[in-house]
Amino acid sequence: MTELATPSRPQRPEFRNINAFKDLPTYRLPLAGWVSILHRVSGALMFLLLPFIIWLFDTSVTSEYSFARFSALFSAGAGFVPGWFFKLVALALIWAYLHHIIAGIRHLWMDVAHAVSKEFGRSSAIVTLTLSMALTAVLGAKLFGLY
Amino acid sequence: MSVNYGSKRIVVGAHYGLRDWLSQRITAILMVLFTFVVLAQVLFTRGPIGYEAWAGIFAAQWMKVLTFAVIIALAWHVWVGMRDIWMDYIKPVWLRLSLQVFTIVWLVGCAGWAIQVLWRL
C-alpha cells in the first residue's frame, strides 16, 4: 500500500469484509465491477440450469416426437407451470449466455492487448452491458413473438 | 494471518493458478468458436428451422467431434469458475469441500448425459 502524503484528501469510506446488508446498498460499484459480478452471476446461473439446458438439447435433437415436446414446453407449459414461465427461464439463460460470452471476450481482449487502463475498463464495460442487454431484448422479443 | 499479497506475496511453490487461468481461457476460446459455428449453420439454413435442419447440424461427424470437445471444455471451464466462487465465498472447509464434490458430480453427470445425447444421433 502506498502512503499518500497529501493531508487535504477527504476521508473516504474503507470497505473490508463487505457486509451484504450494511455495506452493499450504499456501495457504489463502478460499471466494470457490475460486469464482473454479473459475469459470476450469469456463470453460476448457467451452472445451476445445466440439466435444463441439456434437456433442451436432448429433446430438440433426438427425434421428431421429442422435438414436439420441446416446442410444447414453451407453448403449452408442463404440469401446472405455464409456457411463458419457461420462456422467461430461456430468456434468463439467453441473457446469461450473452453477458458471459461478451464479458469473456472483453477479458480475452484485455489479456492479449494489455488493455488495462481505467478508461478502457469503463468504456468496454459500457459496451458489454449495452450489447448484452440489447441482444437479449431483440432475442426476447422474438421469443415472445413480438415480431 | 500474515500478509501474502501484493509485494509481500510468496512467489515460490506450485499451483499459483496459471494452469487454471490458461485452461479457462483456452476452453473459452473453443466455446466461442463453437458458438459461431452453430450460429453460422443456423443463419445459413434456408427456410424455417424445424427438427430436420436443427438435428442435421449435429448429425455430421465433424460436428459431433467438435461438440464432444466442447462438452469436455465446458465442464472443465465451469469447474474452474465454480471452484473460484466456492473459494471466494465459502470459508468453512467441510462446506467448501462438499460443494466442490457436488460441483464435480454435477458436471460429470451433465457431461455424460450430453455426450449420450450427442453420440446416439
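Descriptive notes on the structure:
- Label-to-label distance, B:Ile29 versus B:Gln61, with points set 7 angstrom from Cα along the beta-carbon direction: 2.8 nm.
- Ordering B:Ile26, B:Gly50, B:Thr67 by Cα displacement along the dipole of chain B toward the positive end leaves B:Ile26 in first place; charges were set at the Cβ atoms of Lys, Arg (+1) and Asp, Glu (-1).
- Taking every residue in A:50-62 and counting other chain Cβ atoms within 10 Å of its Cβ, the average works out to 5.
- Here the translational diffusion coefficient of the range A:1-106 follows from Stokes-Einstein with Rh set to the Kirkwood radius across Cα pairs; for 25 °C and 0.890 mPa s it amounts to 139 µm²/s.
- Taking every Cα-Cα distance in the range A:104-145 and sorting them into 10 Å bins from zero, the calculated P(r) comes out as 27, 39, 22, 11, 1 percent.
- Separation in nanometres of the label points that stand 7 Å from Cα toward Cβ, at B:Gln100 and B:Leu43: 4.1
- Mean separation of Cα contacts under 8 Å, 6 or more apart, over the residue count of chain B: relative contact order %: 29
- Distance from the range A:56-91 to the range B:52-93 (C-alpha centre basis), Å: 22
- Rounded to the nearest angstrom and listed largest first, the equivalent-ellipsoid semi-axes of the protein assembly as shown from its Cα gyration tensor are 39, 23, 20.
- FRET E, pair B:Phe36, A:Phe120, Förster distance 41 Å, beta-carbon r, rounded to 0.05: 0.95
- Cross-link partners of A:Lys22 among lysines (Cα-Cα below 28 Å; sequence separation of 8 or more within a chain): A:Lys118, B:Lys91
- Reduced Cα scattering model of the range A:22-84, Debye log10 I(q)/I(0), q = 0.20 Å⁻¹: -0.83
- Cα-centre dipole for the range A:21-101 with unit charges at Cβ (Lys and Arg positive, Asp and Glu negative), debye to 20: 280
- For chain A, relative contact order (Cα pairs under 8 Å, six or more residues apart, normalised by length) works out to 26 percent.
- Helix runs (DSSP H) in chain A reaching 27 Å along axis by Cα, Kyte-Doolittle at least 1.0: A:83-113
- Annotation for A:Leu24 and B:Arg83: the two label points, set 7 Å from Cα along the Cα-Cβ direction, are 2.6 nm apart.
- Taking only the alpha carbons of the range B:24-121, we obtain Rg and Dmax values of 16.8, 55 Å in that order.
- Under 22 Å from A:Lys142, Cα to Cα: lysines that are on another chain or at least 8 residues apart: A:Lys87
The numbers here are math on the coordinates, done by the rules we state, and not lab data. No experiment lies behind these values; they were computed from the predicted model shown. No Cβ is skipped: glycine too gets one built from the backbone with ideal geometry, and neighbour counts run over all protein chains shown.
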